[in-house]
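Below is one structure; the comments refer to it alone.
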2 protein chains.
Amino acid sequence: MPKLWSETIESHRREVHDAILDTAAALAAEYGLLSVTMSQIAEKTGIGRATLYKYFPDVETIVRAWHQRQVADHLARLVVARDRAVGDENRLVAVLETYGSIQRHRVKAHRHQPHGTELAAFVHRDPQIAQAERKVQQLIRELIDEAAAAGAVRNDVDAGELADYCVGALSAASRLTSQQAVQRLVAVIMSGLRPLEGSDERMSS
Amino acid sequence: MPKLWSETIESHRREVHDAILDTAAALAAEYGLLSVTMSQIAEKTGIGRATLYKYFPDVETIVRAWHQRQVADHLARLVVARDRAVGDENRLVAVLETYGSIQRHRVKAHRHQPHGTELAAFVHRDPQIAQAERKVQQLIRELIDEAAAAGAVRNDVDAGELADYCVGALSAASRLTSQQAVQRLVAVIMSGLRPLEGSDERMSS
């Protein structure tokens, strides 16, 4: 088989794979995870049932794969935001604002759908998802470490605790209705991260 | 029936009711909500199955009642903490530290039990629970409003947004292993809440 042909097949497989994930997540959010069937997913994706089973064994596996793709996409967006910004503090702000924006849109997409919460509760029980979400915390932790070394962030509290504080506080972004409000939230979070006044000796030691 | 006698019956009913909730929550966390039966709950509580059905129709109702009791207890603890403290800022700090402590112990109790997360996911889908948790946010919001009026908290961001920020950031307390760490987290949160320097005109206007 010529190489180009196999690349076409691979890219076709990837497209079908992605379309299955999109369909399954939409159906699960609309009708509830427990009521979605493989037949429904196949029909709405526009493929045969036998083809669907070549890709995935059951609905749960599809929904998990969908959420893992989501988390990977989010992480990639955070890395892009980090690498675009210049300076320790700007990098941290850019990542926090991007993560806040992700939180804001994530829950918004669920809000108008009857079973969005059920879907969210299900995927968050997946240990692989928990691990992926730890990567977000790690990325923020590294930026806090760098900003603390540069004196832009307090160093009297462990960077891991501060990263947990950021991630927790950013969950509040799910209630926000504008990106301006996300920027206000990040400004409040950043105020919490600033070095304490009169702690200059500690900062330079 | 003399009054005292009816009071004894009422207090006995309350004790049985509470014992059922404790047993059910322990069994659900250990074996999983879906595998717990009414018979198991009756046996472990030390009452007959028929008696149990006089109190509750099914396991789900029991687990929901248990969690509603938890949330009511938490709210009562926050009110006590608030009313004991003197001064706007101290009241806010006292409530944030108490809520942080509740978060820390809540998840700790689940951590070592195989189905704690499943249980948590289930009860958090209950709209009544969501409503009760809004009350915590409201209590914090009122304290922020008062502290802002006294100039101890920033007033350039809506008090409701700041309360959401506090509740979100305090979810990070679930990872903390000491009350000292909770106090550090609250200190960071309070730094985020302080009025910005050079915004005195706005504060007094």
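The values are calculated or read from the model by the stated rules, or taken from the named source; none is laboratory data. Just so you know, these numbers come straight off a predicted model, no measurement behind them. Note: ideal-geometry Cβ built from the backbone for every residue, glycine included; neighbour counts use all protein chains shown.
Structure summary
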| read-out | value |
| --- | --- |
| Which listed residue is touching a helix residue (DSSP H, G or I) at 6+ places or on another chain (Cβ under 9 Å), surrounded by fewer than 18 Cβ atoms within 10 Å (Cβ to Cβ), modelled with pLDDT of 95 or more and closer than 19 Å to residue A:176 by Cα, from B:192, B:160 | B:160 |
| Sole residue being within 11 Å of another protein chain (Cβ to nearest Cβ) and out of contact with any Ser or Thr (no Cβ under 9 Å at 6 or more places or on another chain), chosen from B:163, B:148, B:152 | B:163 |
| Exclusive hit being within 19 Å of the chain's Cα centre (by Cα), at pLDDT below 95, crowded, with 20+ Cβ neighbours inside 10 Å and not aromatic (Phe, Trp, Tyr), set A:186, A:182, A:123 | A:123 |
| Residue check, residue B:98 at pLDDT 90 or above and either over 30 Å from residue B:152 (Cα atoms) or aliphatic (A, V, I, L, M) (or both) | no |
| Residue match in the range B:129-139 (condition: in contact with a Leu (Cβ under 6 Å, 6 or more places away or on another chain), within 22 Å of residue A:167 (Cβ to Cβ) and buried (at least 18 other Cβ atoms within 10 Å of the Cβ)) | no |
| Any chance residue B:62 is buried (at least 16 other Cβ atoms within 10 Å of the Cβ) and more than 25 Å from residue B:136 (Cα to Cα) | no |
| Whichever residue in the range A:174-186 is outside any loop (DSSP other than H, G, I, E, B), at the interface with chain B (Cβ under 8 Å from one of its Cβ atoms) and among the hydrophobic types (A, V, I, L, M, F, W, C) and, among such residues, is farthest from residue B:195 (Cα to Cα) | A:181 |
| Output for the range B:46-63, where each listed residue is closer than 22 Å to residue B:128 by Cβ, among the hydrophobic types (A, V, I, L, M, F, W, C) and not in a helix (DSSP H, G or I) | B:56 |
| Criterion (in a helix (DSSP H, G or I), more than 25 Å from residue B:103 (Cβ to Cβ) and modelled with pLDDT of 95 or more) met by exactly one of B:43, B:10 | B:43 |
| Residues of the range B:14-38 satisfying the condition of being without any contact (Cβ under 8 Å) to a residue 24 or more places away in the chain and under 14 Å from residue B:51 (Cβ atoms) | B:15, B:23, B:38 |
| Failed item, numbered, when residue A:1 is tested on (1) modelled with pLDDT under 85; (2) loosely packed, with under 14 Cβ neighbours inside 10 Å; (3) in a helix (DSSP H, G or I) | (3) |
| Some residue of the range B:70-89 being at pLDDT below 90 and polar (S, T, N, Q) | yes |
| Failed criterion for residue B:85 (all others in (1) under 27 Å from residue B:185 (Cα atoms); (2) of a type outside the set (Phe, Trp, Tyr); (3) within 16 Å of the chain's Cα centre (by Cα); (4) surrounded by 12 or more Cβ atoms within 10 Å (Cβ to Cβ) hold) | (3) |
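For (1) in contact with a helix residue (DSSP H, G or I) (Cβ under 6 Å, 6 or more places away or on another chain); (2) touching a residue at least 12 places away in the same chain (Cβ under 8 Å), each residue gets a yes or a no:
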residue	(1), (2)
A:49	yes, no
A:57	no, no
A:74	yes, yes
A:91	yes, yes
A:103	yes, yes
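Matching residues to (1) closer than 24 Å to residue B:73 by Cβ; (2) polar (S, T, N, Q):
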residue: B:4; (1), (2): no, no
residue: B:20; (1), (2): yes, no
residue: B:25; (1), (2): yes, no
residue: B:51; (1), (2): no, yes
